[in-house]
1. Taking Cα pairs under 8 Å and at least six residues apart, what relative contact order does the chain come out at, in percent?
2. Given the Cα atoms of the chain, and with Rh set as the inverse mean 1/r over their pairs in the Kirkwood sense, what is Rg to Rh to two decimals?
3. Run the dipole for the chain about the Cα centre, Lys and Arg Cβ at +1, Asp and Glu Cβ at -1, nothing else charged, and hand back the magnitude in debye, nearest 20.
4. So if each residue of separation counts as 0.36 nm, and I subtract the Cα-Cα distance between residue 10 and residue 34, what length gain in nm does that give?
5. With every protein chain present, what accessible area does residue 10 have (1.4 Å probe, heavy atoms only), rounded to the nearest 10 Å²?
6. Counting chymotrypsin sites (Phe, Trp or Tyr not before Pro) as exposed when in a DSSP loop with at most 11 other beta carbons within 10 Å, what is the longest stretch of the chain free of them?
7. Tell me, what is the 1.4 Å probe accessible area of residue 14, in Å² to the nearest 10?
8. For the chain, compute the number of Lys pairs whose alpha carbons are separated by less than 29 Å, excluding pairs fewer than 8 positions apart on the same chain.
Amino acid sequence: MSNKHFNKKLEHHCEYCVYGTNSEFSNEVLCLKRGVTDAKDSCRKYKYDPLKRLPPKAKISNNYNPEDFLL
């Protein structure tokens with residue numbers, strides 16, 4: 001199993017926490033434990049939810065050949 005989605009060095013932020021919900025109107029998180037907090041804040045109740053993190057987009061090269069599209 002690949003461990004690239006569970007990075008131990010990932011900083012703790014409320015926006016990635018199980019207890020937090022991102023606000024639609026501002027850059028704040030609605031936390032079940034602490035109330036309204038900043039997205040980059042964290043507390044000792046932090047629990048990582050991997051489905052809330054958007055991984056960086058993969059870079060695609062522009063070096064295509066016509067043979068790449070043949071079946």
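The values are calculated or read from the model by the stated rules, or taken from the named source; none is laboratory data. Treat the numbers as computed from the prediction; the structure is a model and nothing was measured. Glycine also receives a Cβ, built like all others from the backbone with ideal geometry; neighbour counts cover every protein chain displayed. Areas reflect the complete protein model, heavy atoms only, side chains present, ligands, DNA and RNA absent. Shrake-Rupley method; radii C 1.70, N 1.55, O 1.52, S 1.80 Å.
1. Here the relative contact order equals 29 percent.
2. On the way: Rg = 18.1 Å, Rh = 14.7 Å.
So for the chain, dividing Rg by the Kirkwood Rh gives 1.23.
3. Details: 13 positive and 9 negative charges, 104 e Å.
I would put it at about 500 debye.
4. Numbers: separation 24, 0.36 × 24 = 8.64 nm, distance 2.13 nm.
So the extension gain works out to 6.5 nm.
5. Counting only protein heavy atoms, the figure is 40 Å².
6. Numbers: sites that count: 6, 25, 64.
No qualifying site falls inside 26-63, the longest such stretch.
7. 10 Å²
8. Lysine pairs meeting both conditions in the chain amount to 28.
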